[in-house]
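Let me begin by presenting the structure, written as structure tokens, before commenting on it.
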Amino acid sequence: MPSETEIANIAMQLIGEQPITSLDEDSDRARLAKAYFRGAVDRALAAHSWTWAKKRTLLAEATETPAFGYSYQYLLPADCLRIWSLAKGGVDLGVSQKWEREGDYILTNVSAPLQAVFSCRRTSYARLDQYLADVMGASIALAVAQSTEGSNTGVERMQVTYERFLAIGKTNDQLWQNQSSEADKSGFEREMGL
């Protein structure tokens, strides 16, 4: 389970800097890592429906209704980084039911309760998979490069590195998802409609 410092040191390694001992140490490297840490980690978590950051909740209807265009609005959880799906009664709203995010709310014409699956902000990195720590570190490295590089070459290199780490991370994360198909089901499961 990587710590914040270990995640920041992935970034330091990628940009060719010496490791830090803490985000609070008195060095330019640590100050840069600390300045970009939260935003870069949030962007990495919102880039994919990571199993580690995925959360489910029932959204309660807000007391105020939208001024026009929609019948209902639902307050997003404070730790929500990105909505991956909305459903009512287990049926995904998909494209059949219009909805949109507006500020801290989801607006729709679908009544409560609304089931939401989303990526959430995490402040503890216990049980964090290494591949996701690598993606977070690459995201920090990209943010630092964008703020400090004098040429686009370094930024482009970090962008390619981030995209490579992201692709590897997504592939590894898929291994945690249920990959069963109709062909994998037993006769009992097929008969029972499971």
Next item on the list: With the condition kept exactly as written, say whether any residue in region 92-102 is touching a residue at least 40 places away in the same chain (Cβ under 8 Å) and either farther than 24 Å from GLU17 by Cβ or in contact with a Phe, Trp or Tyr (Cβ under 9 Å, 6 or more places away or on another chain) (or both).
Entry: no
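Is it the case that some residue within region 91-109 is open to solvent by 60 Å² or more (accessible area, probe 1.4 Å) and β-branched (Val, Ile, Thr)?
Here is the first cut: in region 91-109, the residues open to solvent by 60 Å² or more (accessible area, probe 1.4 Å) are 91-92, 95-102, 104-105, 109.
Restricting the remaining residues to those that are β-branched (Val, Ile, Thr) gives 91, 95.
Yes, that holds for at least one residue.
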Check: Out of all the residues in region 5-18, which are open to solvent by less than 80 Å² (accessible area, probe 1.4 Å) and not polar (S, T, N, Q)?
Finding: ILE7, ALA8, ILE10, ALA11, MET12, LEU14, ILE15, GLY16
Notebook entry, point to check: Is it true that LYS88 is farther than 19 Å from ASP134 by Cα and modelled with pLDDT of 95 or more?
Noted result: no
Margin query: Let me confirm something: among SER124, SER147, which residue is among the hydroxyl-bearing types (Ser, Thr, Tyr), closer than 30 Å to LEU58 by Cβ and open to solvent by 10 Å² or more (accessible area, probe 1.4 Å)?
Written below: SER124
Next item on the list: Return a yes/no flag: does region 136-158 have any residue that is modelled with pLDDT of 95 or more, charged (D, E, K, R) and farther than 27 Å from ASP79 by Cβ.
Entry: no
Margin query: When the residues of region 19-33 are narrowed to those that are open to solvent by 80 Å² or more (accessible area, probe 1.4 Å) and out of contact with any helix residue (DSSP H, G or I) (no Cβ under 8 Å at 6 or more places or on another chain), which ends up farthest from ILE106 (Cα to Cα)?
Written below: ASP26
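Restricting to region 34-60, count the residues that are surrounded by fewer than 16 Cβ atoms within 10 Å (Cβ to Cβ) and either in contact with a helix residue (DSSP H, G or I) (Cβ under 8 Å, 6 or more places away or on another chain) or modelled with pLDDT of 95 or more (or both).
So the count comes out to 6.
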Note to self: Between a residue in region 163-175 that is open to solvent by less than 80 Å² (accessible area, probe 1.4 Å) and any residue that is part of a helix (DSSP H, G or I) and aliphatic (A, V, I, L, M), which pairs come within a Cβ distance under 7 Å, given they are 6 or more apart or on different chains?
What the structure shows: PHE165/VAL135; PHE165/ALA138; LEU166/VAL135; GLY169/LEU132; GLY169/VAL135
Next item on the list: Just give me the residues in region 176-194 being surrounded by fewer than 12 Cβ atoms within 10 Å (Cβ to Cβ), outside any helix (DSSP H, G or I) and modelled with pLDDT under 75, in sequence order.
Entry: ASN178, GLN179, SER180, SER181, SER186, GLY193, LEU194
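Within region 61-89, take every residue that is within 24 Å of the chain's Cα centre (by Cα) and more than 30 Å from SER124 (Cα to Cα) and give me the one that is surrounded by the most Cβ atoms within 10 Å (Cβ to Cβ). Working first, answer last.
As a first pass, look at region 61-89 and keep what is within 24 Å of the chain's Cα centre (by Cα): 73-88.
Imposing the further condition that a residue be more than 30 Å from SER124 (Cα to Cα) reduces the set to 73, 88.
On the way: GLN73: 19, LYS88: 15.
That would be GLN73.
Kindly establish whether LEU59 is in contact with a Phe, Trp or Tyr (Cβ under 7 Å, 6 or more places away or on another chain), free of Cβ contacts under 8 Å to residues at least 40 places away in the same chain and aliphatic (A, V, I, L, M).
Details: in contact with a Phe, Trp or Tyr (Cβ under 7 Å, 6 or more places away or on another chain): yes; free of Cβ contacts under 8 Å to residues at least 40 places away in the same chain: no; aliphatic (A, V, I, L, M): yes.
Against the criterion (in contact with a Phe, Trp or Tyr (Cβ under 7 Å, 6 or more places away or on another chain), free of Cβ contacts under 8 Å to residues at least 40 places away in the same chain and aliphatic (A, V, I, L, M)), LEU59 does not qualify.
The values are calculated or read from the model by the stated rules, or taken from the named source; none is laboratory data. What you are looking at is a predicted structure, and each value in this text was computed from that prediction instead of being measured. Heads up, the Cβs are rebuilt from the backbone with ideal geometry, glycines too, and the neighbour counts pull from every protein chain shown. The protein model used for the area step is the full one, side chains on, heavy atoms only, and it has no ligands, DNA or RNA in it. Shrake-Rupley method; radii C 1.70, N 1.55, O 1.52, S 1.80 Å.
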